[in-house]
There are 2 protein chains.
Amino acid sequence: MATANVRDVAALAGVSVGTVSNVLNRSKRVSPDTAQRVLDAIEKLGFIRNDAARQLRVGQSRTVGIMVLDVSNPFFTDIARGVEDTLAQFSRSLVLGNSGEDAARELAYLDLFEEQRVAGLLITPVGDVHARLERLRERGSPVVLVDRHENARAFSSVSVDDNRGGYLAASHLLDLGRRNIAFVGGPKRVLQVAQRAGGAQDAVAERGARPLHVLELDSMRADAGRLGAEQLLELPAHERPDAVFAANDLIALGVLRALTHAGLRVPDDIAIIGYDDIYFAANAAIPISSIRQPSWEMGRTATELLMAEIEEPTKHDYRHVVFQPELIVRESTAGALA
Amino acid sequence: MATANVRDVAALAGVSVGTVSNVLNRSKRVSPDTAQRVLDAIEKLGFIRNDAARQLRVGQSRTVGIMVLDVSNPFFTDIARGVEDTLAQFSRSLVLGNSGEDAARELAYLDLFEEQRVAGLLITPVGDVHARLERLRERGSPVVLVDRHENARAFSSVSVDDNRGGYLAASHLLDLGRRNIAFVGGPKRVLQVAQRAGGAQDAVAERGARPLHVLELDSMRADAGRLGAEQLLELPAHERPDAVFAANDLIALGVLRALTHAGLRVPDDIAIIGYDDIYFAANAAIPISSIRQPSWEMGRTATELLMAEIEEPTKHDYRHVVFQPELIVRESTAGALA
DNA sequence: CGGCGGGCCTGAATCGATTCAGGTCGTCGC
DNA sequence: GCGACGACCTGAATCGATTCAGGCCCGCCG
């Protein structure tokens, strides 16, 4: 038996379809009495609104798309949780796309999102999709960039001051008396990596410490970090760093593993600081100091910017929220704490 | 300017709307010549199919819903990746719901999914939603249970043999000569926990070792594991276990942290084995042995079962795929490996 | 040469919620 | 008593892709 529709509800409640719709969407316009009759009918028939029909008429869906780089990176899932928690308040749902840093896949998802006329899109872009995003917006789906501050101010965005984060990390190590810092990072073309390194360079230069020993890895995962650390351990004793600043926590975990394996003491022999402050850095065998990015808040703020644009589509002032990173000190730099 | 629709395309290509639709959906029925004209028109107008209209007509969306317990648990994101990778082949998208183990939130998402007439649903249920799931199926959205083998065979499901996993873990520790094993687990009401403990009990009994020392925690996260381990360390020396079997890897990480902090050697003083084989267990300071659950494959298989049911809705044989867990040996039990 | 089949195309009807111009009735102010 | 107004309700028109009964034309068979 086909699912009940507004017409069935209207018939049972003895009102017109228009009234049913008013109960559903603008309950103020309907007398309490009638409204109750309609609600009873809905209940009795097990009526569930057909979102497709609503969407067709209204011209837009009530779902928001989110495209992330990597669902298995806790940094992004934390953002996603922020998005999801915020969206729940608007009772909108989330269509998830995982580009996996693959531009082709990103495009495929953009097609899907466009067919679905998503109400809005949160994206950390991979490929050159600027034009596509503009088209999406022209067609009524606002876009907010996450963890990317587009040079142009064409879209609202949320991001974190990575330069400052790098500066904080290096300064902390310097404050602890370390003088020979290695930066173990991902590919330089990743803007974040370059900026974190840059901030660290600044701190080192400012203090007149030894210039940063920069190691470029080809990925930002733990195994790359482990290999990087092994390289460092092969250096002659007088060049061996006394502290490692890892471009993210996954790398830091790999570094910790290699050092532990080599029998070195952390932080006594070599201190480690990471970036992102993921759960697994805080809960490592030796909890790892890190630069915290407020990922949940980023998700929430991005969602709020998006919702504002969705609900007030004509306002053309794109906002750029830049979060400040925060130093979190743990045993991997400060030794056993109280 | 409003987005182009099939009528515009038809006009430009000099054909009827029916033909445009045929090009889009059944290209075989159209002469290559006409098809090309239509495709050109689509290109020229930047036409993008309106999914809502299609959905309204066809009665079902092309989107699949997935409801997970916790997006920040790598076990679930690995499953989600399997789902997503598989779905991409069918060019369908994924609506994500995160119940956070909260039954109310789960219900809210079920409402949304139902309004959207999702093509199907993958779910690890929290509350008692059996009736809701049946209704969803009656209305044309098949359901597959993930990591839950419903007593009834009312839905297809994928799950893992947790009893066997527990057995494998304990056997491994016994093989290494450990005789006093502690099980550090989550709440007993979680079926998985009970079964893993049960399997371990069996192994211990079979070998005549000391009965399992069972510690029940109120969560399954790392901090609970740490507290649990601290409790174990307070035991008198002759009762202190020589091996810990943690109900999942998060707990194992917490245990590792507490033991490391107390200056104990792993595995020499106490061996540790976890469960799930998440990335962060493999990459811990001392890589943790674990019972691997094939999460990506579970996601894929669940999706395949679901797609089969979507495409062949009348076949009423619900399948239950039970995966076998696998022992992964690392340093936390076997010591430094080659 | 008539009839039949198949390939290709047409276009009105359809899905179901929302919208909005318009109708009805009761109340209030003067 | 009358016009104005507001509160409440009605129902046809609408959104855009899909479907399907039916039309046209060509080639082939008997």
Original post:
How many residues are touching a Leu at 6+ places or on another chain (Cβ under 6 Å) and either more than 7 Å from every other protein chain (Cβ to nearest Cβ) or surrounded by fewer than 24 Cβ atoms within 10 Å (Cβ to Cβ) (or both) if we restrict to the stretch B:278-290?
Top reply: 1
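Does B:Asp85 satisfy the criteria of being without any contact (Cβ under 8 Å) to a residue 40 or more places away in the chain and among the charged types (D, E, K, R)? Working first, answer last.
Details: without any contact (Cβ under 8 Å) to a residue 40 or more places away in the chain: no; among the charged types (D, E, K, R): yes.
Considered against the rule, which asks whether it is without any contact (Cβ under 8 Å) to a residue 40 or more places away in the chain and among the charged types (D, E, K, R), B:Asp85 comes out as no.
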Original post:
Out of the residues in the stretch A:61-91 that are of a type in the set (Gly, Ala, Ser) and open to solvent by 40 Å² or more (accessible area, probe 1.4 Å), which is farthest from DNA strand D (Cβ to nearest atom)?
Top reply: A:Ala88
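Residues are listed down the side, and each one gets a yes or a no for (1) within 14 Å of another protein chain (Cβ to nearest Cβ); (2) over 12 Å from A:Ala285 (Cα atoms):
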position	(1), (2)
B:Arg221	yes, yes
B:Gln231	no, yes
B:Leu235	no, yes
B:Ala243	no, yes
B:Asp249	yes, yes
B:Val255	yes, no
**OP:** Give me a count of the residues in the stretch A:6-60 that are of a type outside the set (A, V, I, L, M), within 12 Å of DNA strand D (Cβ to nearest atom) and either open to solvent by 70 Å² or more (accessible area, probe 1.4 Å) or over 27 Å from B:Arg54 (Cα atoms) (or both).
**Re:** 14
Original post:
Looking at (1) in contact with a Lys or Arg (Cβ under 8 Å, 6 or more places away or on another chain); (2) open to solvent by 20 Å² or more (accessible area, probe 1.4 Å); (3) more than 14 Å from chain A (Cβ to nearest Cβ), which is the only condition B:Tyr275 fails?
Top reply: (2)
Original post:
Can you pull out the residues in the stretch A:18-38 that are within 9 Å of DNA strand C (Cβ to nearest atom) and either within 14 Å of chain B (Cβ to nearest Cβ) or part of a loop (DSSP other than H, G, I, E, B) (or both)?
Top reply: A:Leu24, A:Asn25, A:Arg26
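Kindly evaluate B:Glu114 against the criterion of being open to solvent by less than 50 Å² (accessible area, probe 1.4 Å) and within 16 Å of DNA strand C (Cβ to nearest atom). Write out each step before concluding.
Details: open to solvent by less than 50 Å² (accessible area, probe 1.4 Å): yes; within 16 Å of DNA strand C (Cβ to nearest atom): yes.
It is true that B:Glu114 is open to solvent by less than 50 Å² (accessible area, probe 1.4 Å) and within 16 Å of DNA strand C (Cβ to nearest atom).
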Original post:
more than 21 Å from A:Gln192 (Cβ to Cβ), open to solvent by less than 10 Å² (accessible area, probe 1.4 Å) and modelled with pLDDT of 95 or more - does that describe any residue in the stretch A:312-330?
Top reply: no
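Can you tell which of B:Asn5, B:Asn50 is farther than 25 Å from A:Ile66 by Cα and polar (S, T, N, Q)?
Working: B:Asn50 fails: farther than 25 Å from A:Ile66 by Cα.
Sole residue among the options that is farther than 25 Å from A:Ile66 by Cα and polar (S, T, N, Q): B:Asn5.
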Original post:
Within the stretch B:39-141, which strands (runs of 3 or more DSSP E) (wholly inside it) include 1 or more residues that are hydroxyl-bearing (Ser, Thr, Tyr) and at the interface with chain A (Cβ under 10 Å from one of its Cβ atoms)?
Top reply: B:63-68, B:93-98
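Residues checked against (1) crowded, with 22+ Cβ neighbours inside 10 Å; (2) touching a strand residue (DSSP E or B) at 6+ places or on another chain (Cβ under 7 Å); (3) on the phi > 0 side of the Ramachandran plot:
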| position | (1), (2), (3) |
| --- | --- |
| A:Tyr109 | yes, yes, no |
| A:Ile123 | yes, yes, no |
| A:Asp128 | no, no, no |
| A:Leu133 | no, yes, no |
| A:Pro142 | yes, yes, no |
Original post:
Looking only at the stretch A:257-267, which residues are open to solvent by 10 Å² or more (accessible area, probe 1.4 Å), under 22 Å from A:Ala209 (Cβ atoms) and within 10 Å of chain B (Cβ to nearest Cβ)?
Top reply: A:Val266
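The values are calculated or read from the model by the stated rules, or taken from the named source; none is laboratory data. Bear in mind that the values here come from a model prediction, so they are computed numbers and not experimental data. All Cβ positions, even for glycine, are placed from backbone atoms using ideal geometry, and neighbour counts span all protein chains on display. What goes into the accessible areas is simple: the full protein's heavy atoms, side chains included, and nothing from ligands, DNA or RNA. Shrake-Rupley method; radii C 1.70, N 1.55, O 1.52, S 1.80 Å.
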